[in-house]
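Just below is one structure, and these are the notes that go with it.
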Amino acid sequence: MFKMNALVPELIVSDLAKSLAFYCQVAGFSIEYERPEDKFAYLSFGQSQIMLEEDWHSDSPWRVGPLERPFGRGMNLSIVCPDAHALANALQAAGHALRRPVEEHWYRNDDQLVGQRNFLVQDPDGYLLRFAEELGIKHCED
């Protein structure tokens, strides 16, 4: 059963159909529900969720300033994925260039290291997405 997360980013997009093709047909997101009359879709990917709304009228209360590409400057969305290499390959095969290739990183969290295999890609409007495969936790070496 679908349950909405406590925090769900909503992205204003220039072309909902193009964004849905990227997120659903290539990246593997699922549509939880849509409101075509509002040019809106609610998507999920594992435990991650986002909302997409097409920027179809300039007086939208959701628009806080002019939209200029790339959208979402200064923000990236980190999304857990089961297989970073497979997803990166699927995105590249569909013509989406990676902004940063798949790399393994270990991030310190107090006395532990949290491992991720991650990469960066931009969606059709330029939103920066970091897909991250979890590699586990290990203790820091002294």
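Exactly one condition in (1) under 15 Å from the mean Cα position of the chain (by Cα); (2) surrounded by fewer than 16 Cβ atoms within 10 Å (Cβ to Cβ) is not met by residue 36; state its number. Condition not satisfied by residue 36: (1).
Of all residues assigned to the range 81-90, none qualifies as being more than 18 Å from residue 121 (Cα to Cα) and of a type in the set (Asp, Glu).
One line per residue, one yes/no per condition, for (1) among the β-branched types (Val, Ile, Thr); (2) at pLDDT 95 or above; (3) within 26 Å of residue 64 (Cα to Cα); (4) part of a helix (DSSP H, G or I):
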{"residue": "3", "(1), (2), (3), (4)": "no, no, no, no"}
{"residue": "8", "(1), (2), (3), (4)": "yes, yes, yes, no"}
{"residue": "12", "(1), (2), (3), (4)": "yes, no, yes, no"}
{"residue": "17", "(1), (2), (3), (4)": "no, yes, yes, yes"}
{"residue": "20", "(1), (2), (3), (4)": "no, yes, yes, yes"}
{"residue": "25", "(1), (2), (3), (4)": "no, yes, no, yes"}
{"residue": "28", "(1), (2), (3), (4)": "no, yes, no, no"}
{"residue": "34", "(1), (2), (3), (4)": "no, yes, yes, no"}
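For the range 108-134, the candidate set comprises residues that are under 17 Å from residue 47 (Cα atoms) and aliphatic (A, V, I, L, M); within that set, the residue that is surrounded by the fewest Cβ atoms within 10 Å (Cβ to Cβ) is 132. One residue alone among 118, 109, 89 is at pLDDT below 95 and either touching a helix residue (DSSP H, G or I) at 6+ places or on another chain (Cβ under 8 Å) or of a type outside the set (Val, Ile, Thr) (or both), and that residue is 109. Scanning the range 82-108 for residues that are free of Cβ contacts under 8 Å to residues at least 12 places away in the same chain and not in a loop (DSSP other than H, G, I, E, B) turns up 86, 89, 92, 93, 107. Taken across the range 62-81, residues that are under 27 Å from residue 135 (Cα atoms), touching a residue at least 60 places away in the same chain (Cβ under 8 Å) and surrounded by 16 or more Cβ atoms within 10 Å (Cβ to Cβ) do not occur at all.
The criterion of being in a loop (DSSP other than H, G, I, E, B) and either out of contact with any Asp or Glu (no Cβ under 8 Å at 6 or more places or on another chain) or at pLDDT 95 or above (or both) does not hold for residue 136. Of the candidates 67, 87, the single residue that is within 13 Å of residue 14 (Cβ to Cβ) and aliphatic (A, V, I, L, M) is 67.
The values are calculated or read from the model by the stated rules, or taken from the named source; none is laboratory data. Note that the structure is a prediction, hence the values are computed from the model and not measured. All Cβ positions, even for glycine, are placed from backbone atoms using ideal geometry, and neighbour counts span all protein chains on display.
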